[in-house]
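J.: Pasting a structure below so you can have a look.
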Protein chains: 2
Amino acid sequence: MERIEQHASFGGRQEVWRHASRSTGCDMRLGVYLPPAALRGERCPVLYWLSGLTCTEQNFITKAGAQQHAAAHGLIVVAPDTSPRGEGVADDPAYDLGQGAGFYVNATQQPWAPHFRMEDYVAQELPALIEQHFPATDARGLFGHSMGGHGALTLALRHPGRWRSVSAFSPIVAPSQVPWGQKALAAYLGEDPAAWRAHDAVALIAGARERLPLLIDQGEADEFLPQLRPELLRAACDAAGHPLTLRLHPGYDHSYYFIASFMAEHVAHHARALRG
Amino acid sequence: MERIEQHASFGGRQEVWRHASRSTGCDMRLGVYLPPAALRGERCPVLYWLSGLTCTEQNFITKAGAQQHAAAHGLIVVAPDTSPRGEGVADDPAYDLGQGAGFYVNATQQPWAPHFRMEDYVAQELPALIEQHFPATDARGLFGHSMGGHGALTLALRHPGRWRSVSAFSPIVAPSQVPWGQKALAAYLGEDPAAWRAHDAVALIAGARERLPLLIDQGEADEFLPQLRPELLRAACDAAGHPLTLRLHPGYDHSYYFIASFMAEHVAHHARALRG
């Protein structure tokens, strides 16, 4: 691992690292915030953030305002990139497919299969890497935004026992039913919708093997609401008896201004589970 | 004035406006944060932020994390661009001259004189515009970063009575003594150093007509310390009996990670003066 940025931040340190990933077969970058407790040598729980379409590791660490809350609660916050990248990695001219749009799945289709293995990367390789290289415990939380909210919900549902807490901002809750998800999942997983439903939070809720409470914040002025469909998650959780706190916020849009406004409560939600 | 962005943020609204400026003779953009109190129709004091080299109105509003504190204290926060811009506006290939590097002076030299009138813009036109178009009182605070810290200090010193409070992060305190300032002030104001000293906070302190207390935060790991020279401001304030709180922070650099870490205290400093 090579550290390529470091900045003092709220008594801790915001770092950016690069490493050669065996999951994706390319170099990956990630943000790592170390709270003051970690700099003092204490082992801290780790909160993983998954970003949305077009983002790199930079969007969250520069705009979300999470560091102050992570510092207060003594949490490490890890923010990986949203896909494999580089000259040898397949891509598409559209913003919602290929680099910057990994959708947190392991692709089975060409030309994506060799590198687009973001599920393995986030659920397996990344926690092992963090717990080896940083003063981290194995208490893990997972959250994200939009495509990354989809990633947080589906990876938590597909890997029970791996995360102690989960939340999302403006998640794509039913990718198999909306254009962003149908396009990406068809490209990465093939044309059979059964394969898509294995990566669809709304479809997975009924068979959830653990009942991690879901905290979801959604702006009512979100320009992408037709891609997000929070009402489908509410119906699925109601039907399955899955604990859900879904908060709809009048006037808020899809931007990091929305995320920053409710970041304190998300970090506190995870801290209760990870340090409680 | 034309509103070109608006985002709900911490119960208030972050907006971006464009208007035709008579000071600079071109369209200017600015960020305006309206706290919840302003959205309820209360008139609020206004805190003006001046950004550093290369910045537009976007850097502060996306990265500094000021909105949460402005919301709590009921302050409007206005963040203008750092220079005139556009195809008809003079520029230089270097990052530290021309567009993005206005240095908050009225240029007297060609090719800069027609548009580079940032002192008039920030000290005169902008407050009048804000107080006309928004629910603003005439209680004004001024702060900034790096070149914008220089702008905050010098505009406060050159326009006594116009601002009730002033502070800065990592300011260029003595532009007439450091390379950034010598280059820009020579270009904008000509080769006579006497003209530069009229825009040099360290040179202005001795003759200050009011004693606004200065709050300055400076990172000790700032890669630009040789351009900033906080010790010169300390000496000038000591000699003149000017009230100065200069805080040096081990490990912090020149970035917005540093600014965000101490933003709460700066906004509180201004709120005491503007609402006290």
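The values are calculated or read from the model by the stated rules, or taken from the named source; none is laboratory data. These figures come from a predicted structure and were not determined experimentally. Methodologically, a virtual Cβ is constructed for each residue, glycine included, from the backbone with ideal geometry; neighbour enumeration extends over all protein chains shown. All accessible areas refer to the heavy atoms of the entire protein, side chains included, with ligands and DNA or RNA removed. Shrake-Rupley method; radii C 1.70, N 1.55, O 1.52, S 1.80 Å.
J.: Could you name every residue in segment A:246-276 that has 50 Å² or more less accessible surface in the full protein assembly than in its own chain alone (probe 1.4 Å, ligands and nucleic acids excluded)?
T.: Listed in order, they are A:Tyr252, A:Tyr257.
J.: Let me ask you something else. Give me the 1.4 Å probe accessible area per residue for segment A:1-117, excluding ligands and nucleic acids, in Å².
T.: It amounts to 36 Å² per residue over segment A:1-117.
J.: Determine the sum of side-chain charges near A:Pro84: Lys and Arg each +1, Asp and Glu each -1, restricted to other residues whose C-beta is under 14 angstrom from that of A:Pro84.
T.: Neighbour charge sum, excluding A:Pro84 itself: -4.
J.: Tally the DSSP beta bridges in chain B and give the antiparallel ones as a percent, rounded to 5.
T.: Within chain B, antiparallel bridges account for around 45 percent of the total.
J.: Further question on the same structure: Find the accessible area per residue for segment A:128-232; the probe is 1.4 Å, ligands and nucleic acids are left out, and the unit is Å².
T.: 34 Å²
J.: What number, in percent, do you get for the relative contact order of chain A if the mean sequence gap of Cα pairs under 8 Å and at least 6 apart is divided by its residue count?
T.: RCO, chain A: 17 percent.
J.: Can I ask one more? Most mobile of A:Pro230, A:Pro111, A:Pro250 per a Gaussian network model of chain A (Cα springs, under 10 Å)?
T.: Largest GNM mean-square fluctuation: A:Pro250.
J.: Related question: Suppose we compare each residue of segment A:54-83 in its chain alone and in the full protein complex with a 1.4 Å probe; which ones drop by at least 10 Å² of accessible area?
T.: SASA drop of 10 Å² or more in segment A:54-83: A:Ile61, A:Thr62, A:Lys63, A:Gln68.
J.: Under a point-charge model restricted to the Cβ atoms of Lys and Arg (+1) and Asp and Glu (-1), what is the dipole moment magnitude of segment B:161-232 relative to its Cα centre, in debye to the nearest 20?
T.: 400 debye
J.: At 7 angstrom along the Cα-to-beta-carbon line, where would the label on A:Ala72 sit relative to the other copies? Give the distances in nm, shortest first.
T.: 0.7
J.: Scan chain A for the residue whose Cβ is closest to the axis carrying it onto chain B, then write down that distance in whole angstrom.
T.: Per the Cβ-to-axis criterion, the result reads A:Gly65, 2.
J.: If you take every DSSP beta bridge whose two residues both sit in segment A:11-112, what share of them, in percent to the nearest 5, is antiparallel?
T.: 80 percent
J.: Using alpha-carbon positions, what is the distance between the centroids of segment A:214-276 and segment B:201-276, in Å?
T.: Taking the Cα centre of each part, segment A:214-276 and segment B:201-276 sit 40 Å apart.
J.: Output the relative contact order of segment B:126-276, whole-number percent, from Cα pairs under 8 angstrom with separation of 6+ residues.
T.: That works out to 23 percent.
J.: For a label point 7 Å from the Cα of B:His19 along Cα→C-beta, name the residues of segment B:74-97 whose backbone N is under 20 Å from it.
T.: Output list for this probe position: B:75-86.
J.: Tally Lys/Arg at +1 and Asp/Glu at -1 over every other residue whose Cβ is under 14 Å from the Cβ of A:Glu231; what's the total?
T.: Summing Lys/Arg as +1 and Asp/Glu as -1 gives 0.
J.: Ignoring ligands, DNA and RNA, what percent of the accessible area of segment B:106-231 is carbon or sulfur (1.4 Å)?
T.: 50 percent
J.: Let a ≥ b ≥ c be the square roots of the eigenvalues of the Cα gyration tensor of the protein assembly as shown; is it rounded (a/c under 1.5), or, if not, prolate (a/b larger than b/c) or oblate?
T.: Judged from the Cα gyration tensor, the protein assembly as shown comes out prolate (a/c at least 1.5, a/b above b/c).
J.: I'd like the residues of segment A:1-41 whose 1.4 Å-probe accessible area shrinks by no less than 30 Å² going from the isolated chain to the full set of protein chains.
T.: A:His7, A:Ala8, A:Phe10
J.: Could you tell me what percent of the accessible area of segment A:46-101 is made up of carbon and sulfur, with a 1.4 Å probe and every protein chain present?
T.: Within segment A:46-101, the accessible surface is 48 percent carbon and sulfur.
J.: Classify segment A:1-142 from the C-alpha gyration tensor, please: rounded if a/c falls under 1.5, else prolate or oblate depending on whether a/b exceeds b/c.
T.: In terms of gyration-tensor shape, prolate.
J.: Can you show me the helix-derived [θ] at 222 nm for the protein assembly as shown, built from DSSP H runs with n ≥ 4 at -39,500 (n - 2.57) apiece and divided by the number of residues, rounded to the nearest 500.
T.: -9500 deg cm²/dmol
J.: Checking an interface number: how much accessible area is buried between A and B, summed over both chains, with a 1.4 Å probe, in Å² rounded to 100?
T.: Accessible area lost upon association: around 1600 Å².
J.: Rounded, prolate or oblate: pick one for segment A:141-223, where a ≥ b ≥ c are the square roots of the eigenvalues of its C-alpha gyration tensor, a/c under 1.5 means rounded, and failing that, prolate if a/b is larger than b/c, else oblate.
T.: oblate
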